[in-house]
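*Asks:* So that we are looking at the same thing, I have put the structure below in structure tokens.
What follows is calculated from the coordinates using simple rules that are stated; it is not laboratory data. Predicted, not measured: the structure shown is a model, and the values here were computed from it. Cβ placement follows ideal geometry from the backbone for every residue including glycine, while neighbour counts extend to all protein chains displayed.
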Amino acid sequence: MNAESIPASPDSLGVLRARGTDVVQFLQGQLSNDVSRLGPERSLLAGYHNPQGRVLALLRLVHIAGDDLVVILPRELIAPLMNRLSKFILRAKVRLADESGEWRITPAVLASDSSALPPSPLLPRISGAVARVAQTLAVCVGETPARWLLVAPRGAPPALPAGCVPAEPQSWQRLQIAAGLPQVYAATSEAFVAQMLNLDVLGAIAFDKGCYTGQEVIARAHYRGRVKRRMQRFVTRAPRALNAGDSGALADGRAFRVVEAVPTADGRCEFLAVAPLPAADAPNPEPARDVPGTLPVEAQLLPLPYALPE
């Protein structure tokens, strides 16, 4: 499965512009995915990791033209990402710039109103696919239901392709969580190894490419053993507010850390969290135990739309 996760609010997004004749080769040595696969009609999800294989940021790369890319991620991570990447540029012909203020990013979904115009045939329907609609790049970020990230210069006239509407932030976030798509924020940067966020399942890691930062740890986890802690989807059984980075303990004593969370209409919380995988032969859950530094949380496990490796 190839998918991606982008925060719902346009104000939370940042754009890092990366360009230069060496940009693909440079990013190939830094990111977990195969940057050579990026093209005008194909975006790419990739992780940027520290040497221990922990995810510093989750990036969406979109090709603009020639050796010119935009990298989309939470705005709060732009400065630390630039500072870290800049240390490795050396003599490479690569220029990095924070252009968050120069781009407009709009999460969009199909219009539910039956009176709306039919969806534009230009809108891509395969996850990761990109199409140009006037001055807007439409990046498909989900197929069921169809949804897009619309990327356009701020100077361009605001426009939506026919048949789609801007997504309400919490509705968008709820769709992303239901699809099992993570995001990394300042609160969770360097908290999880790549496979803990299911990046191997989501097509964000290329195991057949050359070396990149964190590759040794990520490859060892892939080839030598089962990852025992993975991102899973839950909903609390009672009203509860959770945020990315919060820690807690499930009723069976398993500790978890929140990746992404959204409130439900009845005040409960649906969330993605990294926790030990439940053992098939585990006994019946016991009451939540007091774990120092964590919150006891009664939560129900919900299905993900993809299977986790055994």
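*Asks:* As I understand it, the dipole of the chain uses +1 on the Cβ of Lys and Arg and -1 on the Cβ of Asp and Glu, about the Cα centre. Which of Val262, Gly225, Ala138 lies farthest toward its positive end?
*Replies:* Sorting the options by dipole projection puts first Gly225.
*Asks:* Here's another thing I want to ask about it. Cut-off is 10 Å between beta-carbons; in what order do Met196, Met82 appear when sorted fewest neighbours first?
*Replies:* Met82, Met196
*Asks:* Would you list which aspartates and glutamates come within 13 Å of Lys209, measuring only between C-alpha atoms, while excluding same-chain residues fewer than 8 positions from it?
*Replies:* Asp34
*Asks:* Subtract the Cα-Cα distance of Gln52 and Ala92 from 0.36 nm times their separation in residues, and report this length gain in nm to one decimal. Please list the in-between numbers first.
*Replies:* Numbers: separation 40, 0.36 × 40 = 14.40 nm, distance 2.46 nm.
Full extension from Gln52 to Ala92 adds 11.9 nm.
*Asks:* Grab every C-alpha pair in region 86-180, bin the distances at 5 angstrom width from 0 up to the longest one, and report whole percents.
*Replies:* 3, 12, 20, 20, 17, 11, 7, 5, 3, 1, 0, 0
*Asks:* Okay, moving on. What value in Å³ per residue do you get for the convex hull of the alpha-carbon atoms in region 138-243?
*Replies:* Working: hull volume 19.6 nm³, N = 106.
About 185 Å³ per residue, rounded to a whole number.
*Asks:* Once phi is turned into ³J(HN,Hα) by the Karplus curve 6.51 cos²θ - 1.76 cosθ + 1.60 with θ = phi - 60°, what whole-Hz value does each residue of region 12-25 show in order, with x for glycine and proline?
*Replies:* 8, 8, x, 10, 9, 8, 10, 8, x, 5, 9, 5, 5, 4
*Asks:* For the pair Arg237/Glu310, report the inter-label distance in nm, with labels modelled 7 Å from Cα in the Cβ direction.
*Replies:* So the label points at Arg237 and Glu310 sit 2.9 nm apart.
*Asks:* What list do you get for Val259, Val151, Val217 if you sort them by fewest beta carbons within 10 Å? Don't skip to the end; give the middle numbers.
*Replies:* Details: Val259 30, Val151 23, Val217 18.
Final ranking by Cβ density, sparse to dense: Val217, Val151, Val259.
*Asks:* Here is a further query. Given labels modelled 7 Å from the Cα in the Cβ direction, how far is it in nm from Ser12 to Val165?
*Replies:* 2.1 nm
*Asks:* Note down the magnitude of the dipole of the chain about its Cα centre, charges +1 on Lys and Arg C-beta and -1 on Asp and Glu C-beta and zero elsewhere, to the nearest 20 debye.
*Replies:* Working: 32 positive and 28 negative charges, 124 e Å.
For the chain, the charge dipole is close to 600 debye.
*Asks:* Let me ask another. List the residues of region 30-47 whose backbone N lies under 19 Å from a point placed 7 Å from the Cα of Arg220 along the Cα-to-Cβ direction.
*Replies:* In region 30-47, the label zone of Arg220 (backbone N under 19 Å from the point 7 Å along Cα→Cβ) covers 32.
*Asks:* Between Ala265 and Arg132, what is the FRET efficiency for a Förster distance of 51 Å, r being their Cβ-Cβ separation, to the nearest 0.05? Working shown, then result.
*Replies:* Values: r = 37 Å, r/R0 = 0.73.
With a Förster radius of 51 Å, E is 0.85.
*Asks:* Please state the relative contact order of the chain as a whole percent: Cα pairs under 8 Å, 6+ residues apart? Mind showing how you got there, number by number?
*Replies:* Working: 697 pairs, mean separation 60.7, N = 310.
20 percent.
*Asks:* Of Asn243, Ser86, Ala204, which is farthest along the charge dipole of the chain in the positive direction, counting Lys and Arg as +1 and Asp and Glu as -1 at C-beta?
*Replies:* Ser86
*Asks:* Please rank Glu143, Glu260, Glu102, fewest neighbouring Cβ atoms within 10 Å first, as an exposure proxy. Spell out each step's value before the answer.
*Replies:* On the way: Glu143 16, Glu260 25, Glu102 13.
Exposure proxy ranking, most exposed first: Glu102, Glu143, Glu260.
*Asks:* If you don't mind, another one. For labels at Asp208 and Glu190 in the simple 7 Å Cα→Cβ model, what's the distance in nm?
*Replies:* Distance between label points: 3.4 nm.
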